[in-house]
Each structure stands twice: as structure tokens, then as C-alpha cells.
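Novice: Take this structure, written in C-alpha cells, and hold onto it; I'll ask about it next.
The values are calculated or read from the model by the stated rules, or taken from the named source; none is laboratory data. Note that this is a predicted model, so its numbers are computed, not measured. Note that we place each Cβ from the backbone using ideal geometry, even for glycine, and neighbour counts take in every protein chain shown. The area values use the complete protein model at the heavy-atom level, side chains included, leaving out ligands, DNA and RNA. Shrake-Rupley method; radii C 1.70, N 1.55, O 1.52, S 1.80 Å.
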Number of protein chains: 2
Amino acid sequence: MKKIYLIGIGPGSPDYLTVQAINTMKKVDVFFLLEKEGCEELIEIRKKILERYLEEGSYRVVTAAICDRKKGGKSYKKGVETWRQQKAEVILELIEHEMKDGENGAFLIWGDPSLYDGQLEILQHILKLGIVDFEYEEIPGITSVQVLAQRHKIPLNRIGESIVIATGRRLKEYAPAEVKNIAVVLDSYSAFKHFKDEDIDIYWGAYLGTADEILISGRLRDVIEDIGRIRKEAKREKGWIMDAYILRRAEGNETNSRN
Amino acid sequence: MKKIYLIGIGPGSPDYLTVQAINTMKKVDVFFLLEKEGCEELIEIRKKILERYLEEGSYRVVTAAICDRKKGGKSYKKGVETWRQQKAEVILELIEHEMKDGENGAFLIWGDPSLYDGQLEILQHILKLGIVDFEYEEIPGITSVQVLAQRHKIPLNRIGESIVIATGRRLKEYAPAEVKNIAVVLDSYSAFKHFKDEDIDIYWGAYLGTADEILISGRLRDVIEDIGRIRKEAKREKGWIMDAYILRRAEGNETNSRN
């Protein structure tokens with residue numbers, strides 16, 4: 001039987017790996033490093049993690065390009081499903097032809113495989129097709145949301161408060177009064193712009209845990225232009241950006257909403 | 001200057017520690033292990049983590065008892081604040097008298113210090129008092145919510161879905177139709193009982209990542225009695241329980257709520 005591990009590696013620094021992740025990596029025969037075109041640096045970061053924790057020559061690496069998700073289709077859910085379908089074909093191919101029976105394969109996942117990743121569902125989808133059989137296991141990793149709170153020295157919740165984790169796409173659907181304490185990931189829309197007139201603080205960070213880390217915080221309306229400009233510059237310079245932020249209604253301005 | 005580290009150690013197993021957590025522990029002169037009476041096993045788990053990663057004799061350990069939060073007062077927020085105040089007095093005493101200037105002290109925090117812990121706010125409160133001066137830093141850890149998803153082999157979100165993280169106390173305030181995808185921690189109320197007539201699945205786990213781990217999942221109404229009984233038995237046997245769960249509306253039964 002083949003076995004596939006989805007290993008959470010945290011948001012960037014090799015120091016975020018857990019002992020469980022490192023011990024799992026040591027059992028792996030082949031690492032599959034998938035990335036979109038233009039994001040070769042993200043492949044390099046993963047290779048450095050392998051080099052730091054594993055003996056040279058004790059593992060194989062197979063890299064593969066995955067396509068970007070086409071945006072703007074009729075249904076968001078259908079769009080994601082089509083994209084996952086395409087990714088599933090690439091991954092099925094790798095599992096079928098790039099590893100032998102009895103071997104362990106692994107994908108190194110940014111952050112935690114259970115949070116807005118989709119690779120787990122892709123493996124479950126491939127199994128259902130019945131073309132190839134394998135076992136699979138996830139290894140939790142530190143998420144960018146946790147590092148964001150840590151770098152800004154704030155808790156993820158104030159006393160008695162819930163935390164919402166959402167994508168930028170979901171955030172756009174919130175009414176201003178509903179925004180009390182929301183952590184946002186995967187926001188290519190800069191959806192925080194919709195709330196610039198509210199008494200809301202933002203805690204923003206990009207390239208968390210790496211040498212290029214940028215942190216900005218303050219009342220949203222005061223820092224919104226800085227974030228927009230710095231975000232655009234950084235993305236142009238590096239070719240990619242991974243950022244996250246927390247929107248938090250200022251104390252004493254809570255509404256009755258329970259986000 | 002004294003420096004205090006709040007080190008996230010994950011939900012139980014020493015394998016959940018990150019490289020960053022271990023490297024930080026190696027710089028620490030004194031570890032403060034605080035626990036409620038009756039929870040001595042939780043002190044022992046922490047001591048085993050120290051023994052596994054550090055050289056004998058390279059650090060000091062100071063244990064201290066903290067009181068339980070008194071429940072049922074007039075205001076929940078006030079109750080928590082009073083309890084934190086009492087905890088702050090114990091911690092201030094430790095920082096003042098159990099470590100020398102230039103030394104590093106640390107607290108080992110279950111899960112992640114930024115998620116429903118309160119120790120960060122206690123340190124910030126102590127600093128404001130102006131009695132003692134110190135630097136402080138948090139080290140992120142794997143949360144029980146992540147391990148829960150991993151053990152049940154489910155993602156924390158379905159496509160396009162937000163995630164709410166709440167305490168049992170908050171969950172009680174939700175209307176049934178609002179429950180779409182909620183991870184619940186710190187629930188001594190078994191608040192899931194309020195939703196037993198809904199088409200909701202539960203993914204429950206206790207003592208996650210330890211040898212005593214218990215996992216139950218299924219349609220809430222089908223497993224609710226098992227969870228209630230097993231939870232009670234386990235708590236009686238061990239004297240304490242740490243559990244968490246995810247409530248998820250069954251596919252095809254989504255309401256228009258956006259939890």
C-alpha cells in the first residue's frame with residue numbers, strides 16, 4: 001500500500017515545523033512540490049526545509065506546475081471544483097507513476113492542511129475514483145492566523161468573544177455591523193476596503209515568519225492606504241504575496257452581532 | 001531586563017512542539033508551571049516535555065497552584081476579570097521573586113497562547129501596574145481545533161465556508177439556524193445539546209494527541225448520548241477533561257446564515 005502525508009509546515013520559517021512533521025518527513029521516500037508558475041520561490045523555501053531536516057540523498061523530489069484558479073466564472077463553488085479537478089489529475093498522475101507500492105509520499109502544505117487548503121479533499125476525491133489506492137494522513141502545522149496574532153502581540157479573541165476565520169471572498173458578504181473579530185486569509189480582493197468607515201482596527205501581516213515579513217496595524221481608516229500601497233509594491237517586487245489580517249471592532253464599539 | 005516567554009505546546013503530545021518552541025525552551029532559566037488543584041497530571045505532562053527536550057539540571061521549575069474561576073456570578077466578563085486578577089497576583093509574585101534580572105522565564109501553554117488562554121493579557125496587565133518590568137514574547141503552538149480536524153480527517157472548512165471558533169458559553173447564544181460550521185473549545189456546559197434536533201454533524205474529541213484520546217463523530221442526535229456518557233465517565237476517572245468539537249450543518253441543509 002502507498003501512503004500519502006499532507007504535512008503542515010507553517011507560514012514560512014523552517015522553525016515552525018513540529019517534531020511530528022520532522023519525524024514524518026524522515027519516513028518519506030518522495031516529496032511532491034506543487035506550485036503555480038511564477039511562484040518558484042515557494043518551491044525553494046520547501047526545498048530548504050527538506051535540506052535542513054533530512055539527510056542528502058535520503059529522499060526524492062518531484063516538482064510539478066499547477067494552474068491558477070480561473071476567476072470570475074458563474075459559480076464560485078463550481079470554479080473551485082473545476083480547479084480542484086485539474087489539480088486532482090496532476091496529483092493522481094504523481095501518485096500512480098512517481099511512487100512505488102509500499103513507499104511514502106508527501107506534500108508540504110503551507111500553514112495547516114485543514115485550513116483553506118483543499119489538498120485533503122482532493123485526496124479523498126481521487127480515492128473515490130477507484131483508479132489508485134493509498135492511505136493518507138495529515139500532520140497539523142502552525143497557521144498564518146496564529147503567527148499574525150503572535151507578531152502583533154494580541155490574542156485571537158478578547159474575553160468571551162468568538163473568532164471568525166474567513167476568506168476575502170466571504171468577508172465581502174459581511175455587513176459592516178457584523179464585523180467584530182474576523183481573521184481573513186486568501187484575500188486577493190483587499191476586501192477590508194468595504195469597512196473603512198467603521199471603528200475597526202486592522203492587524204495586517206505579509207510573508208509572516210520570513211525575512212521579508214511586513215507588519216502594519218492601526219485604525220483601519222488610518223492605515224488603509226499604506227496597506228494598499230505596500231501590498232502592491234511587495235507583490236510587484238516578489239511576484240507573489242501571502243498575507244493575512246485580523247479586523248477587530250474597537251473596544252466600546254461592539255454591536256450586538258456575534259461574529 | 002527579565003524576559004518572559006509564553007510557549008505554546010499543543011494539546012498534549014510532546015511531538016506537537018515546534019522547533020521554535022524547543023529552541024526557545026533551551027534559552028529559559030526558569031519554567032513556571034501553574035495548574036488548578038486536582039490537575040497535577042497536567043503539571044506532569046509539562047515536566048515530561050521539559051525532560052524530553054532539555055538537559056537535566058539546565059533549568060529550574062517552579063510550580064504554583066491557581067484557583068478555579070468562580071462560575072455563576074452576575075457578569076461573565078467581570079468574573080473572568082476577577083479571576084485573571086487573582087492569577088495576575090500569583091504571576092507577578094513569580095516574576096518578581098523567582099527570577100533574577102537578565103534571566104528568561106517561561107510558561108508552557110496548552111495549545112496556542114493566542115487562543116482562549118488569557119496569559120498574554122495577564123502579562124500586559126501586570127506591566128501596566130508598573131511594579132515590575134520585563135519583555136515578553138509568545139511562541140505559537142498547534143491548537144486542539146487543528147488536531148481535532150486532523151484526527152477526524154476533515155477540513156476545518158468546506159469550499160467557500162467560514163469557520164467560527166467559540167467557547168461553549170458563546171455557543172449557547174446561537175440560534176439553531178446560525179450553526180453552520182463552528183469549532184467549540186472550553187465547553188463545560190455541553191452546549192451542543194441545544195442543537196440536537198438539527199441536521200448537524202458533530203466531530204468530538206477528548207485528550208487529543210495523548211494515549212487517552214477519545215474520538216466520536218456522527219449525526220448529533222445519534223451520538224449525543226454516547227458523548228454525554230463517555231465524557232462524564234472519562235472526567236470522573238481522570239479528574240479532568242480537555243475536549244473540543246466541531247458542529248457542522250449536514251451538506252444540502254445549509255441555511256442562509258453565514259457562520
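Novice: Within region B:26-42, is there a residue that is β-branched (Val, Ile, Thr) and in a helix (DSSP H, G or I)?
Specialist: no
Novice: Among the residues of region A:92-118 satisfying the criterion of being within 14 Å of chain B (Cβ to nearest Cβ) and not aromatic (Phe, Trp, Tyr), which is surrounded by the fewest Cβ atoms within 10 Å (Cβ to Cβ)?
Specialist: Here the answer is A:Gly118.
Novice: Can A:Lys153 be described as modelled with pLDDT of 95 or more, open to solvent by 40 Å² or more (accessible area, probe 1.4 Å) and away from chain B (no Cβ under 11 Å)? Can you show your working first?
Specialist: Working: modelled with pLDDT of 95 or more: yes; open to solvent by 40 Å² or more (accessible area, probe 1.4 Å): yes; away from chain B (no Cβ under 11 Å): no.
Taking the combined requirement at face value, the residue does not satisfy it.
Novice: Let me ask something else. Being facing another protein chain (nearest Cβ under 8 Å), out of contact with any Ser or Thr (no Cβ under 8 Å at 6 or more places or on another chain) and either modelled with pLDDT under 90 or over 24 Å from A:Glu233 (Cβ atoms) (or both) is the requirement here; does A:Glu173 meet it?
Specialist: Judged against the criteria, A:Glu173 is a match.
Novice: Conditions: (1) open to solvent by less than 50 Å² (accessible area, probe 1.4 Å); (2) farther than 22 Å from A:Gly141 by Cβ. A:Met1 meets all but one. Number of the miss?
Specialist: (1) is the only condition that A:Met1 fails.
Novice: Follow-up question, since we're still on this one. Any chance you could count how many residues in region B:167-184 are more than 28 Å from A:Ile122 (Cα to Cα), open to solvent by less than 30 Å² (accessible area, probe 1.4 Å) and touching a Phe, Trp or Tyr at 6+ places or on another chain (Cβ under 9 Å)?
Specialist: Residues flagged as more than 28 Å from A:Ile122 (Cα to Cα), open to solvent by less than 30 Å² (accessible area, probe 1.4 Å) and touching a Phe, Trp or Tyr at 6+ places or on another chain (Cβ under 9 Å) within region B:167-184 amount to 4.
Novice: For region B:44-69, what are the residues that are charged (D, E, K, R), in contact with a strand residue (DSSP E or B) (Cβ under 9 Å, 6 or more places away or on another chain) and not in a loop (DSSP other than H, G, I, E, B)?
Specialist: Those that are charged (D, E, K, R), in contact with a strand residue (DSSP E or B) (Cβ under 9 Å, 6 or more places away or on another chain) and not in a loop (DSSP other than H, G, I, E, B): B:Arg46, B:Lys47, B:Arg60.
Novice: Looking at B:Ala191, B:Ala206, which one is more than 10 Å from chain A (Cβ to nearest Cβ), surrounded by 18 or more Cβ atoms within 10 Å (Cβ to Cβ) and without any contact (Cβ under 8 Å) to a residue 24 or more places away in the chain?
Specialist: Working: B:Ala206 fails: without any contact (Cβ under 8 Å) to a residue 24 or more places away in the chain.
Within the list B:Ala191, B:Ala206, the selection yields B:Ala191.
Novice: Evaluate the following for B:Glu121: is it facing another protein chain (nearest Cβ under 8 Å), open to solvent by 10 Å² or more (accessible area, probe 1.4 Å) and touching a helix residue (DSSP H, G or I) at 6+ places or on another chain (Cβ under 8 Å)?
Specialist: Numbers: facing another protein chain (nearest Cβ under 8 Å): yes; open to solvent by 10 Å² or more (accessible area, probe 1.4 Å): yes; touching a helix residue (DSSP H, G or I) at 6+ places or on another chain (Cβ under 8 Å): yes.
When the stated conditions are applied, B:Glu121 passes them.
Novice: On to the next question. Please count how many residues of region B:129-175 are more than 16 Å from A:Gly141 (Cβ to Cβ), in a helix (DSSP H, G or I) and basic (Lys, Arg).
Specialist: Qualifying residue count, region B:129-175: 2.
Novice: Right, next: Would you confirm whether any residue within region B:94-110 is part of a loop (DSSP other than H, G, I, E, B), over 27 Å from B:Glu173 (Cβ atoms) and of a type in the set (A, V, I, L, M)?
Specialist: Step one: filter region B:94-110 for residues part of a loop (DSSP other than H, G, I, E, B), giving B:98-103, B:110.
Those left that are additionally over 27 Å from B:Glu173 (Cβ atoms): B:98-103.
Narrowing further to those that are of a type in the set (A, V, I, L, M): B:99.
For region B:94-110, residues part of a loop (DSSP other than H, G, I, E, B), over 27 Å from B:Glu173 (Cβ atoms) and of a type in the set (A, V, I, L, M): present.
Novice: Which one is least open to solvent (accessible area, probe 1.4 Å) among residues in region A:210-234 that are among the acidic types (Asp, Glu) and within 18 Å of the chain's Cα centre (by Cα)?
Specialist: Of the residues in region A:210-234, the ones among the acidic types (Asp, Glu) are A:212-213, A:222, A:225-226, A:233.
Filter again for within 18 Å of the chain's Cα centre (by Cα), leaving A:212-213.
Working: A:Asp212: 74, A:Glu213: 45 Å².
Selected residue: A:Glu213.
Novice: Of the numbered conditions (1) buried (at least 16 other Cβ atoms within 10 Å of the Cβ); (2) at pLDDT below 95, A:Glu89 satisfies every one except a single condition; which is it?
Specialist: (1)
Novice: Mind listing whichever residues of region A:1-41 are within 14 Å of another protein chain (Cβ to nearest Cβ), touching a residue at least 40 places away in the same chain (Cβ under 8 Å) and hydrophobic (A, V, I, L, M, F, W, C)?
Specialist: A:Ile4, A:Leu6, A:Ile7, A:Ile9, A:Leu17, A:Ala21, A:Met25
Novice: Taking A:Lys196, is it out of contact with any Phe, Trp or Tyr (no Cβ under 9 Å at 6 or more places or on another chain) and within 23 Å of A:Ile216 (Cα to Cα)? So that I can check it myself, show each step before the final result.
Specialist: Details: out of contact with any Phe, Trp or Tyr (no Cβ under 9 Å at 6 or more places or on another chain): yes; within 23 Å of A:Ile216 (Cα to Cα): yes.
Spelling it out, A:Lys196 is indeed out of contact with any Phe, Trp or Tyr (no Cβ under 9 Å at 6 or more places or on another chain) and within 23 Å of A:Ile216 (Cα to Cα).
Novice: Quick one: in region A:235-250, of everything that is modelled with pLDDT under 95 and not charged (D, E, K, R), which residue is most open to solvent (accessible area, probe 1.4 Å)?
Specialist: A:Met242
Novice: Restricted to region A:157-166, and to residues that are among the aliphatic types (A, V, I, L, M) and open to solvent by less than 10 Å² (accessible area, probe 1.4 Å), which residue is nearest to B:His125 (Cα to Cα)?
Specialist: The initial filter retains those residues of region A:157-166 that are among the aliphatic types (A, V, I, L, M), namely A:159, A:163-166.
Of the ones still in play, those that are also open to solvent by less than 10 Å² (accessible area, probe 1.4 Å) are A:163-164, A:166.
Working: A:Ile163: 22, A:Val164: 26, A:Ala166: 30 Å.
Ranking the qualifying residues of region A:157-166, first place goes to A:Ile163.
Novice: Could you list, in sequence order, all residues of region A:196-207 that are under 21 Å from the mean Cα position of the chain (by Cα) and closer than 15 Å to A:Ile154 by Cα? Working first, answer last.
Specialist: Taking region A:196-207 and keeping what is under 21 Å from the mean Cα position of the chain (by Cα), we get A:202-207.
Matches in region A:196-207: A:Ile202, A:Tyr203, A:Trp204, A:Gly205.
Novice: Shifting gears a bit: Among (1) open to solvent by 80 Å² or more (accessible area, probe 1.4 Å); (2) at pLDDT 80 or above; (3) not aromatic (Phe, Trp, Tyr), there is one condition B:Val28 misses while meeting the rest; what is its number?
Specialist: Unmet condition: (1).
Novice: Out of all the residues in region A:69-84, which are in contact with a helix residue (DSSP H, G or I) (Cβ under 8 Å, 6 or more places away or on another chain) and at pLDDT 80 or above?
Specialist: A:Arg84
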